[in-house]
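Report on the following structure.
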Amino acid sequence: MEHHHEKGQWGSSFGFLMAAIGSAVGLGNLWGFPYKMGMNGGFAFLLLYLILVVFVGYVICLGELSLGRHFGKGVVGAYESLSKKYAFIGWFGWISPLLIIGFYCMLGGYCLKYAFANLGDFFGAGFGVGGQDSAAFFQSFYTDQLSSSVYTILFVLLTVLIVRGGVSSGIERFTKVAMPALFVSLVIVIIRSVTLPGAGAGLEFIFKPNWEVFQGPGFINVLAAAGGQMFFSLSLGMGITVTYGSYMKKDANLERSALIIPFADTVIAIMASLAIMPAVFATGQEPTQGPGLLFITLQSVFSAMGKFGPIFGFIFYMLVFIAAITSSIALLEAICSTVMDKRAEKGKPMNRKAVVNLIGLIVCLEGVFVALDGLGENGFPHIFGLSTWLDTFDLISEGILMPLGACYMAIILPTELVDKEVTLNNNKFRTQKFFDFCIKFCAPLLMVLVLLGQIDSFFGLKIFS
Ligand code: PHE
């Protein structure tokens, strides 16, 4: 029996694209991309990133969509159907989202908190930043175990509510409205940012060729940062794209989708940099602060903007919240999809709502655990010499399981399967030669480099610098 129809299907190709772009566009674009660009030399990072998207991102995306649609199953089922011996790749792709979703929901909760705080500032109410130093404000929030847990739980609940609604009447219905709203908000913030006096230095940082960074962190490390970022940002190598592909109709055009999704994701990442870098430079700050960029540097930009600053702050953090929730929806759906497959295999009813509730509860516990850790400042024990649990979950998933899973996938995926899926319904496979070449050579090679670079920089081994 084909049970994927029972799990759901996308209602329209626009709806699918909004959901898939929503999955791809997230904190990775609005936060990770600009801050990694800031730490890795601006233009040099951008260029490597673009090369990686074309030669690796596009082909892996097409491969995963094909795999998903071909077998009509979640990630574990899809790899198992390919061959029992590949099941472990599927499990890698199942565990990664499970590790990511906890801290992801915590960060999404932070965005909610910041949206409210900016509203509070605008109305002069007691719950705003209220002239505090933004670093102190941030620290007092994330070390406050109660309120960071509450915002995390709120975010998980919202995610659960949408995913319970199902593929087309939950996920698609939400993302069809949310993604255009995100786009419009981003344009508003960009206009404000690039018209600030002194914004030009930010634009220069992004677009003016500059290779200094290759002497600093070194080429392989910049490449690894760009590669890891690309995987995370495109939601690749972790079962999401396989899962979303499995809900595609047989007449949908896979090749076109695999072009549009990475393209849109990259455009939004660059737009996010346009919203952020000019504002940061205009207020005399540096974008090299790393993770502090979103919650410290930017908040100080909004606080310094005068009367309407908090309104832009509110719009900005709401848009980051939307980006985050359309991604956490994808993470949750990917996890649940496999659980539903397993139930169906045992002849049980899939029971979407119950599965989503149960996984949602686990996600809550995980998110609260990361929130209680207070970015490592609440005295929790840590492992691997890392300083926060967020980094630990991130290292295992983004740093290891994802590039490893994607590398295996690129090697074992039969190109005939992709060819067959893409050309269904008389569609042409225009990029076939490019695809076959990249999936067999570029992708595995780059993945190995990314993996080495990630391990090197996470553990501070300094092999490459
Ligand atoms: N791609 C999302 C981002 O850029 C994150 C994400 C990862 C979403 C994995 C779903 C799955 O933030």
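Taking each residue of the stretch 96-114 that is more than 15 Å from Pro291 (Cβ to Cβ) and looking for partners that are within 11 Å of the ligand (Cβ to nearest atom) and not in a helix (DSSP H, G or I) with beta-carbon atoms closer than 8 Å, six or more apart or interchain, yields Ser96/Gly237; Ser96/Met238; Ser96/Gly239; Pro97/Met238; Pro97/Gly239; Ile100/Met238.
The set of residues in the stretch 335-375 being basic (Lys, Arg), more than 16 Å from Gly166 (Cβ to Cβ) and touching a residue at least 24 places away in the same chain (Cβ under 8 Å) consists of Lys342 alone.
None of Phe123, Phe127, Phe138 is crowded, with 16+ Cβ neighbours inside 10 Å and in contact with a helix residue (DSSP H, G or I) (Cβ under 9 Å, 6 or more places away or on another chain) except Phe138.
Residues in the stretch 247-285 that are of a type outside the set (A, V, I, L, M), surrounded by fewer than 24 Cβ atoms within 10 Å (Cβ to Cβ) and over 30 Å from Phe434 (Cα atoms): 4 in all. Only one of the numbered conditions (1) at positive phi; (2) touching a Pro at 6+ places or on another chain (Cβ under 8 Å); (3) not aromatic (Phe, Trp, Tyr) is not met by Gly218, and that is (2).
Here is a yes/no grid of residues against (1) part of a helix (DSSP H, G or I); (2) modelled with pLDDT of 95 or more; (3) within 20 Å of the chain's Cα centre (by Cα):
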position	(1), (2), (3)
Val59	yes, yes, yes
Leu62	yes, yes, yes
Leu67	yes, yes, no
Gly77	yes, yes, no
Leu98	yes, yes, yes
Leu107	yes, yes, yes
Asn118	yes, yes, no
Ala125	no, no, no
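Considered as a group, the residues in the stretch 347-380 that are of a type in the set (D, E, K, R) and assigned to a helix (DSSP H, G or I) include one that is surrounded by the fewest Cβ atoms within 10 Å (Cβ to Cβ), and that residue is Lys353. Is it the case that Phe33 is more than 20 Å from the chain's Cα centre (by Cα) and either aromatic (Phe, Trp, Tyr) or within 16 Å of the ligand (Cβ to nearest atom) (or both)? No.
Candidates in the stretch 272-327 are the residues that are polar (S, T, N, Q) and outside any helix (DSSP H, G or I); of these, the one that is nearest to the ligand (Cβ to nearest atom) is Gln289.
Can you confirm whether Leu196 is under 30 Å from Gln9 (Cβ atoms) and surrounded by 15 or more Cβ atoms within 10 Å (Cβ to Cβ)?
Criteria not met by Leu196.
The combined condition, being crowded, with 23+ Cβ neighbours inside 10 Å and more than 16 Å from the ligand (Cβ to nearest atom), is not fulfilled by Thr143. Taking the criterion of being over 17 Å from Gln432 (Cα atoms), among the aliphatic types (A, V, I, L, M) and buried (at least 22 other Cβ atoms within 10 Å of the Cβ), the residues of the stretch 394-421 that qualify are Leu401, Met402, Ala406, Met409.
For Gly42, indicate whether it is surrounded by 21 or more Cβ atoms within 10 Å (Cβ to Cβ), within 13 Å of the ligand (Cβ to nearest atom) and in contact (Cβ under 8 Å) with a residue 40 or more places away in the chain. No, not satisfied. In the set (1) over 20 Å from the mean Cα position of the chain (by Cα); (2) surrounded by fewer than 22 Cβ atoms within 10 Å (Cβ to Cβ), the condition left unmet by Leu154 is number (1). How many of the residues making up the stretch 228-259 are within 11 Å of the ligand (Cβ to nearest atom), small (Gly, Ala, Ser) and within 12 Å of Ser337 (Cβ to Cβ)? Within the stretch 228-259, residues that are within 11 Å of the ligand (Cβ to nearest atom), small (Gly, Ala, Ser) and within 12 Å of Ser337 (Cβ to Cβ) number 1.
Of all the criteria given as (1) touching an Asp or Glu at 6+ places or on another chain (Cβ under 8 Å); (2) within 15 Å of the ligand (Cβ to nearest atom); (3) more than 23 Å from Glu377 (Cβ to Cβ), the one not satisfied by Phe92 is (1).
The values are calculated or read from the model by the stated rules, or taken from the named source; none is laboratory data. Predicted, not measured: the structure shown is a model, and the values here were computed from it. When we count neighbours, we look across all protein chains shown, and the Cβ atoms used for this are built from the backbone with ideal geometry, even at glycine.
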